[in-house]
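Colleague: Pasting a structure here, questions to come.
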Amino acid sequence: MKIIRCKDIINLLSDFYDNEIDNEIETLFWEHIEECKRCLSLVHNFEKTLELYHSFKPIKLEPQMKREFHRWLHIEIKKITIKKYKYKK
Amino acid sequence: MTQLSSQLIRKDLDEATLISLAKNGNTSAFEKLIKRYEEKIYSLAYRILQDKEEAFDVLQDTAMSAFKNLKNFQSKSSFSTWIYRIALNFALMRKRKQKAQLKKAQIIDSEDSDKLPQFAEIAEQNLLGNYVDWSENPVISLENQELRKVLQEAINKLPDKYRNVIILKEIEGRSIEETAKILGLSISAVKTRLHRARLYLKWFLEKYITKGQMV
Ligand SMILES: [Zn+2]
């Protein structure tokens, strides 16, 4: 029978969080955190950290920047295309 | 109007068609293609550079480079991965310049230039002393401006190899598989870096919480 120690819990945190842990190990993981208050806190804090990062607001291009980009893109690629065409001739 | 340009009016034209039109020199197909990714490119660049103008420059550099190199794009790989990779490289190049300029101007304070502890030390710290569960503390929320700054700073302080994984996977929401492809790493390497980066972020946050005696 394998034993899971506190150190193993630290190494397994991501696999546990991502649901990528073997069934057998997961049972041992649960058994450990039910008994070990420190590791239970560790799991909670780990999950809370990620929850905060996941809820960062998406970064949006401001409408005016977007318009500027579209105008710029349209002109620049036309320029390149014309240059290429002249060069081919 | 030719058949092709009238087709382009359709918004739902699939990506493969847009790519093949763009490869054949149809500039409006290329514009459409880039517009599908402009927000994502900008967002990725902003996360890395923390500066609107620099992120905008990355968007322009990426669009230009994609236009010039589209002929080299192999349709069997994913366009999104390809363009993300270009954007990431431009953003990282600028990041290096930013860092060099800050160093020159000696704006980086002594704390910033401190080396991060080794990952093993970070892991060990979780085993020492009294370990407090702060996850339910109401102060630990994104509503808290100061905390948001701390979280952002924590990302900035991560070494490149960890920061890239965190930004792509945790913040921009790419899958582990796509993150691996964008960074040119194996899946297991991404998983290892992701795990370490997550523990670093937790460590930064904990340092702030315990120093500030919030718990
Ligand atoms: Zn334990």
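Colleague: Residues A:16, A:69, A:29: which one is of a type in the set (A, V, I, L, M, F, W, C), at pLDDT 95 or above, within 16 Å of the ligand (Cβ to nearest atom) and more than 28 Å from residue B:138 (Cβ to Cβ)? If you could, list the steps in order and put the result at the bottom.
Modeller: Numbers: A:16 fails: more than 28 Å from residue B:138 (Cβ to Cβ); A:69 fails: within 16 Å of the ligand (Cβ to nearest atom).
Testing whether each residue is of a type in the set (A, V, I, L, M, F, W, C), at pLDDT 95 or above, within 16 Å of the ligand (Cβ to nearest atom) and more than 28 Å from residue B:138 (Cβ to Cβ) leaves just A:29.
Colleague: Would you mind listing the helices (runs of 4 or more DSSP H) fully within chain A where at least 1 residues are facing chain B (nearest Cβ under 9 Å), at negative phi and over 24 Å from the mean Cα position of the chain (by Cα)?
Modeller: Values: elements: A:6-17, A:23-35, A:37-54, A:63-88.
Output list reads A:6-17, A:37-54, A:63-88.
Colleague: Same structure again: Just to check your reading of the model, which residue among A:51, A:34 is out of contact with any helix residue (DSSP H, G or I) (no Cβ under 7 Å at 6 or more places or on another chain), within 13 Å of the ligand (Cβ to nearest atom) and either open to solvent by 20 Å² or more (accessible area, probe 1.4 Å) or modelled with pLDDT of 95 or more (or both)?
Modeller: On the way: A:51 fails: within 13 Å of the ligand (Cβ to nearest atom).
One residue alone meets the criteria, A:34.
Colleague: Scanning the stretch B:155-204 for residues that are under 12 Å from the mean Cα position of the chain (by Cα), within 24 Å of residue B:120 (Cα to Cα) and of a type in the set (Val, Ile, Thr), which turns out surrounded by the fewest Cβ atoms within 10 Å (Cβ to Cβ)?
Modeller: For the stretch B:155-204, the residue satisfying everything is B:155.
Colleague: Also, I was wondering about something else. Which residues, counting only those in the stretch B:68-83, are away from chain A (no Cβ under 14 Å), open to solvent by 90 Å² or more (accessible area, probe 1.4 Å) and either in contact with a Leu (Cβ under 9 Å, 6 or more places away or on another chain) or part of a helix (DSSP H, G or I) (or both)?
Modeller: Passing the criteria: only B:72.
The values are calculated or read from the model by the stated rules, or taken from the named source; none is laboratory data. The structure displayed is predicted, hence computed values, not measured ones. For neighbour counting, all protein chains shown are included, and Cβ atoms are generated from backbone atoms with ideal geometry for every residue, glycine included. Accessible surface is based on the protein model in full, side chains and every heavy atom, while ligands, DNA and RNA are left aside. Shrake-Rupley method; radii C 1.70, N 1.55, O 1.52, S 1.80 Å.
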